[in-house]
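Below: one structure, written as structure tokens.
The values are calculated or read from the model by the stated rules, or taken from the named source; none is laboratory data. Bear in mind the structure is a predicted one, so any value in this text is a computation, not a measurement. Quick reminder, even Gly has a Cβ in these numbers, built from the backbone with ideal geometry, and neighbours come from all protein chains shown. Just the protein is used for accessible areas: all its heavy atoms, side chains included, with ligands, DNA and RNA removed. Shrake-Rupley method; radii C 1.70, N 1.55, O 1.52, S 1.80 Å.
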Amino acid sequence: AQSVAQPEDQVNVAEGNPLTVKCTYSVSGNPYLFWYVQYPNRGLQFLLKYITGDNLVKGSYGFEAEFNKSQTSFHLKKPSALVSDSALYFCAVRDPKNKLIFGTGTLLAVQP
Amino acid sequence: DTGVSQNPRHKITKRGQNVTFRCDPISEHNRLYWYRQTLGQGPEFLTYFQNEAQLEKSRLLSDRFSAERPKGSFSTLEIQRTEQGDSAMYLCASSLAGVGNEQFFGPGTRLTVL
């Protein structure tokens, strides 16, 4: 069965510092991996995806993610955090029947 | 606004009542998904349609839940005889068919069952 794990409930980072939000996955077959962000009382916004190709994927709002097959990881990164990046971040994997399987989410708090 | 829209945004109902939610997907998207999200959790899949055909239903979708997409455009999710455990955010998403296509989510309908 497909699954993702987000080992950190919360990540704290100072504005201007680099940030990393961790995600590991377990799949049978090729992994199709996604990152979404959720602001309070809002739906999910798509950030980026890995389907195939380059291991470094660039997405919206300056975010990028690194796919690492040997470590089965897909960590979300940004070189310089903004206070406005504070939100709930979800990693997800697509299963063979097209639904997304989400992690439990990581709350990112960026301090000014 | 050409994104996914959902109505109503909030619904408060008494236990035992029926409720219906509507989702309007992005117009050219042929796939439509319903998810449920409870506080502190990631969204959980409920069901999905390709055009008007309902292709998969989660075991979470008890017989009190029914979803339709009659003309392959908008969809409705009905919950009969609501229970307090049904309180959650109900999210709709749409996508184009295809292996790697991302799903675009609506703002959700927050259901509170008293």
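A few remarks follow.
- Counted residues, segment B:53-65 - those being assigned to a strand (DSSP E or B) and among the hydrophobic types (A, V, I, L, M, F, W, C): 3
- The condition of being modelled with pLDDT of 95 or more and either open to solvent by 10 Å² or more (accessible area, probe 1.4 Å) or polar (S, T, N, Q) (or both) does not hold for B:S73.
- Residue match in segment B:103-110 (condition: over 13 Å from B:S5 (Cα atoms), among the aromatic types (F, W, Y) and either assigned to a loop (DSSP other than H, G, I, E, B) or within 14 Å of chain A (Cβ to nearest Cβ) (or both)): no
- If only residues of segment A:102-112 that are within 16 Å of A:G43 (Cα to Cα) and in a strand (DSSP E or B) are counted, the one that is most open to solvent (accessible area, probe 1.4 Å) is A:L107.
- Filtering B:T20, B:T47 for residues that are at pLDDT 95 or above, touching a Ser or Thr at 6+ places or on another chain (Cβ under 8 Å) and open to solvent by less than 40 Å² (accessible area, probe 1.4 Å) leaves a single hit, B:T47.
- Given (1) open to solvent by less than 50 Å² (accessible area, probe 1.4 Å); (2) facing chain A (nearest Cβ under 9 Å); (3) in contact (Cβ under 8 Å) with a residue 40 or more places away in the chain, index of the condition B:S58 fails: (3)
- In segment A:40-54, the residues that are open to solvent by 60 Å² or more (accessible area, probe 1.4 Å) and more than 17 Å from A:E66 (Cα to Cα): A:P40, A:N41, A:R42
- Those residues of segment A:55-73 which are more than 12 Å from the chain's Cα centre (by Cα), of a type outside the set (A, V, I, L, M) and open to solvent by 50 Å² or more (accessible area, probe 1.4 Å), in sequence order: A:N55, A:Y61, A:K69, A:S70, A:Q71, A:T72
- Selection within segment A:84-98 - facing chain B (nearest Cβ under 7 Å) and either part of a strand (DSSP E or B) or crowded, with 23+ Cβ neighbours inside 10 Å (or both): A:F90
- Complete set of residues in segment A:10-33 that are in a loop (DSSP other than H, G, I, E, B) and under 13 Å from the mean Cα position of the chain (by Cα): A:K22, A:C23, A:Y32
- Taken as a whole, the condition of being within 11 Å of chain A (Cβ to nearest Cβ), open to solvent by 40 Å² or more (accessible area, probe 1.4 Å) and among the small types (G, A, S) does not apply to B:G85.
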